[in-house]
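**Student:** Dumping the structure here so I can ask a few things about it.
The values are calculated or read from the model by the stated rules, or taken from the named source; none is laboratory data. What you see is a predicted model; the values in this text were computed from it and never measured. Cβ placement follows ideal geometry from the backbone for every residue including glycine, while neighbour counts extend to all protein chains displayed. We work out accessible area using only protein heavy atoms, side chains counted, and drop any ligands, DNA or RNA first. Shrake-Rupley method; radii C 1.70, N 1.55, O 1.52, S 1.80 Å.
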Amino acid sequence: MHFVYPYFLFSLLVLSIPVIIHLFHFRKYKKVYFSNVSFLESLQMQNQKHARVKHLLVLACRMLALAALVFAFAQPFIPSKENRLVQEGTNAVSIYVNNGFGMQAVAEDGPLLEDAKRKAREIAASYKPSDQFQLLTNDFSGAQQRLLSRDEFLEQVDRIEVSASSRPLQDVAIRQQDVLNHSHGSAKSAYIISDFNKSASDLSKFKMDPNINLVLVPTRAQDFSNISIDSLWMDAPLFQVGSEVKINVVISNYSAQSIEALPVKLTINNEVRAVANVDLQANENKTVVLPFTLHNAGLLQGSVEIQDFPMVYDDALYFSFYAEEKVDVLSINESVANTYVSKLFDDDEAFVLNNGSVQNLDYSSLKKYRLIILNEVKNISSGLARELQNFMQQGGGVLLLPSAQANLKTYNQFLNGFSQLNYTPLDTHRVDVSNITYKHSLFKNVFEKVPQNVEMPKVFKHFPLRAGARTATESVLKLNDQSDLLVSMNVGSGLFYASAMPFDATFSDLPKQPLFVVLLYNMALSGFSSGELFANIGNPNPVEVRISQEKKSEVLKLKSANGDFEMIPELSYNGAATYIRTHNQIQKAGNYLLFDNGNAVGGVSFNYKRTDSKPLFYSDSELKSATSGRAKTFVIEASGKSVQTEIASINDGAHLWKWFILLALLSLLAEVLILRFWK
């Protein structure tokens, strides 16, 4: 047994005081005379023996009580030999402080981040000034991959600020292990100070070197309350000037209180375009629709905002998109234009249809179109085949409608350039469409539910399609003989559609049905890409950005909309699509512009991840259960003693002072009982 304050044992000298009192018995006796004391003598001897025993018991109780109190104040403990956190020699200590947005929540003494910083200081105070310390936060900066002295560590703790980054615990463990395993400390300990939000802390995948002490230090919000803008999307695939656009926003109330008339503001290009009020019950989420009319074409950047405290990082969501004047469609004809195709696109102001002859075609103009229709061309030349393949590789769409006099050899040579799909000779047997692939992207947002008893198109004759085993085609319309009437496939960044018949009334009644309108419109829009609405900060994947005009330089600059940030992103291409990588240099949510020689050619928006928005935290018991199978693991409960006291308790082993306090109380109780009931 050891003592925290061994010098307090000198107080045991006070045990002499009750001994002196009992030995010298300062009572004065008075003589009383009786005529006959023969009967009193035996009684007096008997009382004197009983009194001596009583006094000795009282003396023992008092001495035991005093001794127990002295031992309690000396704080005895049985030291731990295996689980000491602080050992002789140099200790290497890694302390991770979660500084994510979730640490903006309010604890009993202020923001969680300040509580975490206080606990980090207490941990450092539990070690010697000569020990080595690593401070790790979500920033994962290069400066955090080295060991510091205690004074340097405390200085760095004071500089911790809230970060946009969110790190999985396993990534934190890898960083801590890397530093500790390269240190020369006799004891190595890793501390994790966090709110342990389940969205960012997957303990089932967490592993730490078994030779390293692991100490989990949870910090808890007093009353977690948060309102968050969780997601945003638009229904329309194409945004046109003069049309109404509806922005759908999901807003969640992560609190136990209801919210009434929460203002939701939509801003487009620094102009407030819509305002709505939403009522939210406790722990409820709602989708708010914000409609507005497009007045201008080109790049549009906006935001949806609410006001909430104290967690404000998820109160705004930024987005970017493009508004188009028209969608250009080209029909390459053998002789005359297709009546049904011309009437469909000519009646819609959103599209511009150009009809061209296959004998007099300007290949250089193909890149401006979104969809090219090969309308009943008899022969597909090698030059045209090559240009169409390049067109699809760069993101365009091609629809092939065979001619009644088609040279199938040239058709199949064209198809064999990128697939194993082939046309077979004309089949004049009547068949009907038996199946529509409603899950195909051409029917996205077309049907609210699968229609029943649909009148299927009738096919009077067609050129059956045969696909090879390695051709990844997707059926759009299937005939009742299980062959395909219309298929699609990806070619590079673009799409290819093959029809088993032309849009001719002698082949089918499909052009006279509403399904024809849906197919042609969505084919023209399916290859349309305006880039991503937004990307999340910290996501390592490349972000697609639409470039509105031809680039003059291979080096583009990415700047924030307010001009306070600038960087050169990494560029990559996939066909006509342009992608950028920022390599975690974006740390602030907002709208950003891409510049080419000083001209804005594109835009992209970045938002913070919503991983800390939901109040899903590991409790102390769950933390202990999740780490119960690992040795050298400790959980310091969020409420209770200071971290420094808990570390001392873990390091010193079993403390016995409570038992000595109990022994002192029992001794005093025994003394009272003896004095009260001993007769």
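**Student:** From the convex hull of the Cα coordinates of the chain, what is the mean projected area in square nanometres?
**Tutor:** 48.7
**Student:** In a solvent-free Debye calculation with one equal scatterer on each Cα, what is log10 I(q)/I(0) for the range 223-321 at q = 0.13, 0.19, 0.20 Å⁻¹, listed in the order of the q values?
**Tutor:** Values returned for q = 0.13, 0.19, 0.20 Å⁻¹ are -0.46, -0.88, -0.95.
**Student:** A follow-up question, please. To the nearest 10 square angstrom, what accessible area does SER199 show with a 1.4 Å probe?
**Tutor:** 60
**Student:** Additional query: Let me have the relative contact order for the range 362-421, percent, based on Cα pairs under 8 Å that are six or more residues apart.
**Tutor:** Worked out over the range 362-421, it gives 42 percent.
**Student:** From the Cα gyration tensor of the range 376-441, with a ≥ b ≥ c the square roots of its eigenvalues, which class applies: rounded if a/c is under 1.5, or else prolate if a/b is larger than b/c, or else oblate?
**Tutor:** Taking the square roots of the gyration eigenvalues as a ≥ b ≥ c, the range 376-441 is oblate.
**Student:** Moving to a separate point now. Taking the convex hull of the alpha carbon atoms in the range 483-632, what volume per residue do you get, in Å³?
**Tutor:** Here the figure is 268 Å³ per residue.
**Student:** Sticking with this structure for a sec: Pairs LYS265/LYS557; LYS119/LYS641; LYS326/LYS512; LYS128/LYS188: which are spaced more than 22 Å apart, C-alpha to C-alpha?
**Tutor:** LYS265/LYS557; LYS326/LYS512
**Student:** List the residues, sorted by chain then number, that are 5 or more residues from ASN226 or on another chain and whose placed amide H is less than 5 Å from its amide H.
**Tutor:** So ASN226 has HN proximity to TYR254, SER255.
**Student:** Evaluate the Kirkwood expression for the hydrodynamic radius of the range 297-416, namely the inverse of the mean inverse distance over all pairs of different C-alpha atoms, and round to one decimal in Å.
**Tutor:** Final number for the Kirkwood radius of the range 297-416 is 17.1 Å.
**Student:** Considering the range 159-269, what Rg and Dmax in Å follow from its alpha-carbon atoms?
**Tutor:** Using the Cα atoms of the range 159-269, the pair Rg, Dmax is 21.9, 72 Å.
**Student:** Could you estimate the translational diffusion coefficient of the range 349-459 from the Stokes-Einstein equation, with Rh from the Kirkwood formula over C-alpha pairs, at 10 °C and 1.306 mPa s, in whole µm²/s?
**Tutor:** This corresponds to a translational diffusion coefficient of 95 µm²/s.
**Student:** For the full complex of protein chains and a 1.4 angstrom probe, list HIS22, HIS184, HIS2 by accessible area with the highest value first.
**Tutor:** Largest accessible area first, the list is HIS184, HIS2, HIS22.
**Student:** Taking all pairs of different Cα atoms in the range 95-229, averaging 1/r and flipping that mean, what Kirkwood radius in angstroms comes out?
**Tutor:** When all Cα pairs of the range 95-229 are included, the Kirkwood radius is 15.3 Å.
**Student:** Considering only C-alpha atoms, what is the centroid distance from the range 589-606 to the range 374-407, in Å?
**Tutor:** Comparing the Cα centres of the range 589-606 and the range 374-407, I get a distance of 36 Å.
**Student:** Counting Lys +1, Arg +1, Asp -1, Glu -1, what net charge surrounds ILE306 among other residues with beta carbon under 11 Å of its beta carbon?
**Tutor:** Computed value for this residue: -3.
**Student:** On a 1.4 Å probe surface of the protein chains, which of THR428, THR582 comes out largest in accessible area, and what is the full order?
**Tutor:** Putting THR428, THR582 in descending order of accessible area: THR428, THR582.
**Student:** Looking at the chain, do any whole DSSP H helices span at least 24 angstrom along their long axis by alpha carbon and average -0.5 or above on Kyte-Doolittle, and which?
**Tutor:** Sorted by number, the helices that extend far enough and score high enough are 38-73, 657-677.
**Student:** Calculate, for ASN354 and GLN644, the FRET efficiency according to 1/(1 + (r/R0)^6) with r their C-beta to C-beta distance and R0 60 Å; round to the nearest 0.05.
**Tutor:** So the FRET efficiency works out to roughly 0.15.
**Student:** Using only Cα atoms, locate the centre of the range 470-493 and the centre of the range 148-211, then give the distance between them in Å, rounded to an integer.
**Tutor:** The range 470-493 and the range 148-211 have Cα centres spaced 52 Å from each other.
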